[in-house]
Amino acid sequence: MGILENAKHSAERAAVSAMADRLLKKLNDANDYSERTEIYLEIVDLAEKFYPEAKDKIASVREYVSDPNHRWMRMINHIIDDADPHYAKMMLLNLGYESFFRGTKTIRENRKKYNCNIPWLILFDPTMACNMHCVGCWSGTYGRKSSLTYEQMDKIVTEGKELGAHLYMLTGGEPMVRKQDVLKLCEKHNDCFFVAYSNSTLIDEELCQKIQKLGNLSFMLSIEGTPDTNDMRRGAGHYNAVMNAMNLLKKYGIVFGTSICYTKANVEAVTSDEFFHMLSEKGAHYGFYFHFMPVGNNAVPELMPTVEQRKYMIKRIREIRTEDNDIEFFPMDFQNDGEFVGGCIAGGRNYFHINSNGDAEPCVFIHFSNCNIKDHSILEMLQSPLFMAYHEGQPFNRNHLRPCPMLENPDLLVEMVHKTGAYQTNEESPEEVEHLCGKAKDYAEKWAPVADEIWASQTHKRPSYENYTKEKREHPELAAFEHADGSNHIDTDINAKEQANQ
Ligand code: SF4
């Protein structure tokens, strides 16, 4: 950004900050959730004034903001109730203003300008070190030694911001092993929001006090059902550590959610009414569910949910999200909610991952790369061959219940990795792409007819904005699974497309 642009941005942020103080006070003083509706509508009107170009997007926000019983509004109200006032303001500024409004605009411009995917979220692993040894954990398969330097993390955020990304998720490994550097990063980039996927064990009183002052670091805590199902996979005493962390975060008004990996062994335990109620009472009002992925040579493919269990997950998660459900927890399913984000979001379409060695991977589960943060910029990573193959191939399947080039369309990842010459990023225990995708073949074949039947039985609205290539937007029949000959491969020749784009 130039000097003038910087000054304009600072003045605008200061104005939004003053407004946020006033509006958050009104929200906290409101007698009930219905009284808050007027204040939310005031915020939406102000947003429209600031960003008239986002009129369409804002209109849909206005629709659900008007209804205090809407599931999103119930979740937001709980967050406002629980959050420390300064923390709530930082969320509004960094997630609302910087990421949602300014970021979206910049990202869309850059997608056109650079002809590649530009994400609104970047994941990176501060370290692969972890103080735990969970059964089937893919991150342990990288080995436990590598870490990003502070300077490399700073480079990721600085360059990501230039492209419009203001949301950063820290994975690993246990990110809190590097808590001093993470806090330093949050302090320097106080116009960004950071979320750490954590095992809870290193969250203490002193850390919470620091985060409360910063206001821009949140957590997704790993938990897997009852004390028994949780500790069976994560080790004795882990459940208690999560409870302790939740108590502390709630005490300091730090917003947090959960990160739950569902497996054949725990599907029921992590979706019971009791479990959801417990999470919401502890202060977690939203959470991500991740389908177990058989990644790594040590993976236990037997832990993959059965077809019946996956069907159950789709039904169960959606049932919890209906307005008449009294559970105050909003679950999101990374594998089954593709419909709301246009399918696979990896390869920088909405997000990508940089591992603790610095390799740029299209997805946290896909351990292949063409480049590294040590000698490439973020933009070069997004334009690297494997990321461009994602860009050209997405959506990998027009049935968004089968979004993944590895899990549900395993031939596609094999093809992309060979075509782009991507190297394996797991130095300690390299896994051939055929070995990885081979573990998903049987699963994909069994899931396909069931997923197609479910998809065909539902109605699906086509979004007004789809960040696929121009060809895919204008010709949805070009999607990978729709080849007339029934084959399942990527339809566009990457090199020819690159030349055409120049
Ligand atoms: S690569 Fe697979 S797991 Fe990763 S975002 Fe895409 S669909 Fe999801």
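The values are calculated or read from the model by the stated rules, or taken from the named source; none is laboratory data. Note that the structure is a prediction, hence the values are computed from the model and not measured. Glycine also receives a Cβ, built like all others from the backbone with ideal geometry; neighbour counts cover every protein chain displayed. These area figures cover heavy atoms from the full protein model, side chains too; ligands, DNA and RNA do not enter into them. Shrake-Rupley method; radii C 1.70, N 1.55, O 1.52, S 1.80 Å.
Number of residues in the range 192-205 that are within 14 Å of ASN247 (Cα to Cα) and not hydrophobic (A, V, I, L, M, F, W, C): the value is 4.
Within the range 137-151, the presence of at least one residue that is outside any helix (DSSP H, G or I), surrounded by fewer than 16 Cβ atoms within 10 Å (Cβ to Cβ) and modelled with pLDDT under 90 is confirmed.
Inspection of the range 290-301 finds a residue satisfying the criterion of being modelled with pLDDT under 95, in a helix (DSSP H, G or I) and not hydrophobic (A, V, I, L, M, F, W, C). Check whether at least one residue in the range 183-194 is assigned to a loop (DSSP other than H, G, I, E, B), among the polar types (S, T, N, Q) and closer than 27 Å to ARG13 by Cβ, and report yes or no. So far as the range 183-194 goes, yes, one or more of its residues are assigned to a loop (DSSP other than H, G, I, E, B), among the polar types (S, T, N, Q) and closer than 27 Å to ARG13 by Cβ. How many of the residues in the range 267-299 are touching a strand residue (DSSP E or B) at 6+ places or on another chain (Cβ under 8 Å), open to solvent by 30 Å² or more (accessible area, probe 1.4 Å) and over 20 Å from ARG318 (Cβ atoms)? Residues flagged as touching a strand residue (DSSP E or B) at 6+ places or on another chain (Cβ under 8 Å), open to solvent by 30 Å² or more (accessible area, probe 1.4 Å) and over 20 Å from ARG318 (Cβ atoms) within the range 267-299 amount to 0. Listed here are the helices (runs of 4 or more DSSP H) enclosed by the range 330-425 that have at least 1 residues being more than 16 Å from the chain's Cα centre (by Cα), hydroxyl-bearing (Ser, Thr, Tyr) and within 15 Å of the ligand (Cβ to nearest atom): 385-393, 410-420. Pairing each residue of the range 67-90 that is among the hydrophobic types (A, V, I, L, M, F, W, C) with any residue that is open to solvent by 30 Å² or more (accessible area, probe 1.4 Å), provided the two are 6+ apart or on different chains, yields C-beta distances under 6 Å for TRP72/TYR64; MET75/TYR286. Across the range 77-134, the number of residues qualifying as of a type in the set (Lys, Arg) and closer than 14 Å to CYS192 by Cα comes to 2. Filtered by the rule that a residue be open to solvent by 40 Å² or more (accessible area, probe 1.4 Å), modelled with pLDDT of 95 or more and not in a helix (DSSP H, G or I), the range 203-231 gives a lone residue, ASP204.
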